[in-house]
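Take a look at the structure set out below.
Laboratory data are not the source of any read-out in this text; all were calculated from the coordinates shown. The structure presented is a predicted model; accordingly, all values stated were derived computationally and were not measured. Here Cβ is always computed from backbone atoms with ideal geometry, including for glycine, and neighbour counts include all displayed protein chains.
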Amino acid sequence: MRRPILRYGDPVLHARAAPVQALTPAIDTLIDDMHETLRDASGVGLAAPQIGESLRLCLVDLSAGRRPDQLLVLINPEILESDGLQLKEEGCLSLPGIEATVPRPLRMRVRAMDRDGDTREIQAEGLLARALQHEIDHLDGVLFLDRLRPVYRWALTRRIRRLRRAGKW
């Protein structure tokens, strides 16, 4: 079932998510709902808090739904190491129409459980490293705006307020 994606300002997006304690049928349904929501939004990643579930669960699909075998399900992910720097423009499903150049690691190694409960490590570089960091940030209550210099963050939040007042966001 497709779920509505929360937008910037919702308290769930700004709070650290709780660990997934057990793989239950409810978690399996949540993963299916997140996958459908991500595919319908043509996104690259989605974290459970973005649909109102404060759990440490996220999906990453660099194919944006075009290749089902590309879907990564990460339960309780943790960053083991990261290095390098990449500066690229990025957006977020919770900040529609807002994009900014965000500093992210060039490479990283992440450990997480998959949908079957198996622990795996992912070596990531480039776009995958960027997407993983972005989604794990969501699980920590951090949005890409929080990674920007204060003057850029202020300008973008001001733009969001104006769009909200105009009923366009």
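All of (1) touching a residue at least 24 places away in the same chain (Cβ under 8 Å); (2) of a type in the set (S, T, Y); (3) surrounded by fewer than 12 Cβ atoms within 10 Å (Cβ to Cβ) hold for Y8 with one exception: (3).
Against the list (1) assigned to a helix (DSSP H, G or I); (2) within 20 Å of A48 (Cα to Cα), the condition R153 fails is (2).
Among the residues making up segment 4-32, those that are touching a helix residue (DSSP H, G or I) at 6+ places or on another chain (Cβ under 7 Å) and not in a loop (DSSP other than H, G, I, E, B) are V12, L13, L30. Among the residues of segment 11-37, those that are touching a residue at least 40 places away in the same chain (Cβ under 8 Å) and closer than 16 Å to R115 by Cα comprise P19, V20, L23, I27, D28, I31. Consider segment 120-143 and keep the residues that are part of a strand (DSSP E or B) and either touching a residue at least 24 places away in the same chain (Cβ under 8 Å) or in contact with a Cys (Cβ under 6 Å, 6 or more places away or on another chain) (or both). The one that is surrounded by the most Cβ atoms within 10 Å (Cβ to Cβ) is I122.
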